[in-house]
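Let me begin by presenting the structure, written as structure tokens, before commenting on it.
The values are calculated or read from the model by the stated rules, or taken from the named source; none is laboratory data. This one's a predicted model, so the numbers in the text were calculated from it and none came from an experiment. With ideal geometry, Cβ positions are generated from the backbone for all residues, glycine too; neighbour counts draw on all protein chains shown. Please note that ligands, DNA and RNA were not included when accessible areas were found on the heavy atoms of the full protein model with its side chains. Shrake-Rupley method; radii C 1.70, N 1.55, O 1.52, S 1.80 Å.
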Amino acid sequence: MCGIVGYVGKKPVVETVLEALGRLEYRGYDSAGLAVLNARGLAVRKRPGKLSVLADAVKREPIRSGHLGIGHTRWATHGEPSEINAHPHTDCSGSLAVVHNGIVENYAELKTRLLAKGHRFRSKTDTEVIAHLVEEHAKRLPLDRAFRQALKELRGSYAVCLVSAKEPHRLFGARNSSPLIIGVGKGEAFVASDVPAILDHTRRIIYLNDREAVELSAAGPKLFTLEGRPIRRSPTTVAWTVSAARKEGFPHFMLKEIHEQPSAIEQTLANRLDPARGRLVFDRRTKRFLDTLDATEKLVIIACGTAYHAGLVGEYMLEEVARLPVDVDLASEFRYRGPQLDRRTTVLAITQSGETADTLAGIQMAKAHGARTMAICNVMGSSIAREVDAVLYTHAGPEIAVASTKAYTSQVTALALLTLYLAKHFRRIPLAQWRRLLDGLEALPRLMRQALTSEAAAKATAAKYAGARNFYYLGRRYNFPSALEGALKLKEICPVIHAEGYAAGEMKHGPISLIRKGWPVVFVAPQSPVYEKVVSNIEEVRARHGSCIVIASEGDAHITRYADSLITIPKTDEFFSPILAAAPLQLFAYYVADANGADIDQPPNLAKSVTVE
Ligand code: M6R
């Protein structure tokens, strides 16, 4: 977790760093800090709380302007959120400062060694050892080599940035298993955890690989291996626009991103759907990978959180329509479960960020066992995207809100694409069904636009149930994952509410005991082969005087007599229904949270990208 930023150039450093940190706050927001090198040396400010607290502190105690600075927004792992534990961390002399994202796993051992050498520690963080370790090596090495030498001794993950008064014109950065990108501008350069942080300044990006270091000066970046060998790498230009990373008039990023879903889905389908010729198109590398998937005996999908729910939908799609044997596993379980993997297994990671630590470790483990690997991923050049044999990018654009919305529906769309391609390629689908589903795929952006017109109904329903503190979400088959995802959305953004998703058929095996008068149960009940079964489950809740909020297909007159509140989605094949059902589920969660005054884009204890275990 955590967001880091570094800047070298002529712009006002404090403002530039603060503004870039503002775009990274989704990565962590329990404390923030910055360090600037100016004519007087190193100035450091840090505060517990959100970035705005730091910005106020800097207003009250201004820092003399400089030409080089680093900043950090924190999500605590080692040491509680406090001023002392906030980054940057300095060495004993106070002239060298470090910001870090990741976990230094051997910090205790390094700290003992450094304490024995007389270093004085202030914080309880793992990060502070980096500052002292570099200081120690800099007693006999130039700073660049001392920095690289220190990194070689770290175990664990890091994206790190360092400035020192002894090297007033250079900023040092490096990464291992935590993201760090370099932005190349005119007479200025940046490092950051993520591209949106610097889109205001440049779209020319260099992706740093694991165990690579960068030295940044106004003349531009110089890349090295940790052994000091120079690396030549040219910048690539990213297509994301500045406005894509901003709220554009919406009160929250989450609401903006919910409304971006039709175009996000369009982007996922773009250049891949060729309805005129009745085919799906992939780039050569992905196609080659997919075309040989018949050699695979088992496809294992690994993911976390919302992406895991997308994977569960994928399991229904791929097994039923492409007739591939599929297992879906939480990446955090998969990596420690000792799964049977070999070259006949394909492991598919689903991840928005491409940086989730457990998913990345799962992929690395799969590779080590000789399995083939693939990812459905949103962030280009991310760690997972670079690790796997083939990537299907969702192209959903930057997702800033902690709660995943457009990333989810574009992941499910990508799974639909994958399923249909494989079903056709391996001749496992009747032509009529293929044509019908291809038409459905093409119609998705339009249908999603229509599904979003449920906003008024979702808002009115939310107003009715905003005072409830417990919710159940139920669904079957393709919409069992929808129930899990709907419940996750609500509980993650509205911390005063407990919500649980179940397969509707499981209800009478336990959860039903809690139902009493007015207990809200959200049913995801579009037209499907199990529609009648879901209606029976609705009856069971009604018999116990629970309140039924039903998401049903447009034109379903039958359901009106069972629903206390009804929200409709456009009619579609069951195969696509989880994508459309996501819209009212997200909107309902959003408006319930809003009515409860929740901090929607930055819920407590959560961060956008979980880059630590
Ligand atoms: O970046 P990823 O898709 O790998 O992230 C996985 C989860 O952390 C993520 O989906 C999380 O559950 C969502 N933010 C919840 O809305």
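For the stretch 2-42, which positions are surrounded by fewer than 24 Cβ atoms within 10 Å (Cβ to Cβ), assigned to a loop (DSSP other than H, G, I, E, B) and out of contact with any helix residue (DSSP H, G or I) (no Cβ under 9 Å at 6 or more places or on another chain)?
Correct list: Lys10, Lys11, Pro12, Asp30, Ala39, Arg40.
Find the residue count for the stretch 162-204, including only residues that are in a strand (DSSP E or B), surrounded by fewer than 24 Cβ atoms within 10 Å (Cβ to Cβ) and among the charged types (D, E, K, R).
Adding up the residues that qualify gives 1.
Go over the candidates Tyr393, Tyr421 one by one and state the one that is out of contact with any His (no Cβ under 7 Å at 6 or more places or on another chain), open to solvent by 10 Å² or more (accessible area, probe 1.4 Å) and at pLDDT 95 or above.
Of the residues listed, the single one that is out of contact with any His (no Cβ under 7 Å at 6 or more places or on another chain), open to solvent by 10 Å² or more (accessible area, probe 1.4 Å) and at pLDDT 95 or above is Tyr421.
Return the residue satisfying two criteria in turn: it lies in the stretch 240-281 and is in contact (Cβ under 8 Å) with a residue 24 or more places away in the chain and small (Gly, Ala, Ser), and of such residues it is farthest from Ala451 (Cα to Cα).
Gly278
On the given criteria, is Arg120 open to solvent by 30 Å² or more (accessible area, probe 1.4 Å) and touching a Cys at 6+ places or on another chain (Cβ under 8 Å)?
Against the criterion (open to solvent by 30 Å² or more (accessible area, probe 1.4 Å) and touching a Cys at 6+ places or on another chain (Cβ under 8 Å)), Arg120 qualifies.
Having 1 or more residues that are of a type in the set (Ser, Thr, Tyr) and under 22 Å from Asn596 (Cα atoms) is the bar; report the helices (runs of 4 or more DSSP H) wholly within the stretch 448-546 that clear it.
Hits in the stretch 448-546: 455-465.
Restricting to the stretch 64-86, name every residue that is open to solvent by less than 20 Å² (accessible area, probe 1.4 Å), aliphatic (A, V, I, L, M) and not in a strand (DSSP E or B).
Within the stretch 64-86, just Ala86 meets the criteria.
Conditions (1) open to solvent by less than 40 Å² (accessible area, probe 1.4 Å); (2) within 34 Å of the chain's Cα centre (by Cα); (3) among the hydroxyl-bearing types (Ser, Thr, Tyr); (4) at pLDDT 95 or above, marked per residue:
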position: Pro520; (1), (2), (3), (4): yes, yes, no, yes
position: Ser528; (1), (2), (3), (4): yes, yes, yes, yes
position: Val534; (1), (2), (3), (4): yes, yes, no, yes
position: Glu554; (1), (2), (3), (4): no, yes, no, yes
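Can you name every one of the helices (runs of 4 or more DSSP H) wholly within the stretch 328-447 that holds 2 or more residues which are free of Cβ contacts under 8 Å to residues at least 24 places away in the same chain and within 14 Å of the ligand (Cβ to nearest atom)?
Result: empty, no element qualifies.
Condition (residue is farther than 25 Å from Arg155 by Cα, out of contact with any Cys (no Cβ under 7 Å at 6 or more places or on another chain) and open to solvent by 50 Å² or more (accessible area, probe 1.4 Å)) applied to the stretch 100-114: is it met by at least one residue?
No, the stretch 100-114 contains no residue that is farther than 25 Å from Arg155 by Cα, out of contact with any Cys (no Cβ under 7 Å at 6 or more places or on another chain) and open to solvent by 50 Å² or more (accessible area, probe 1.4 Å).
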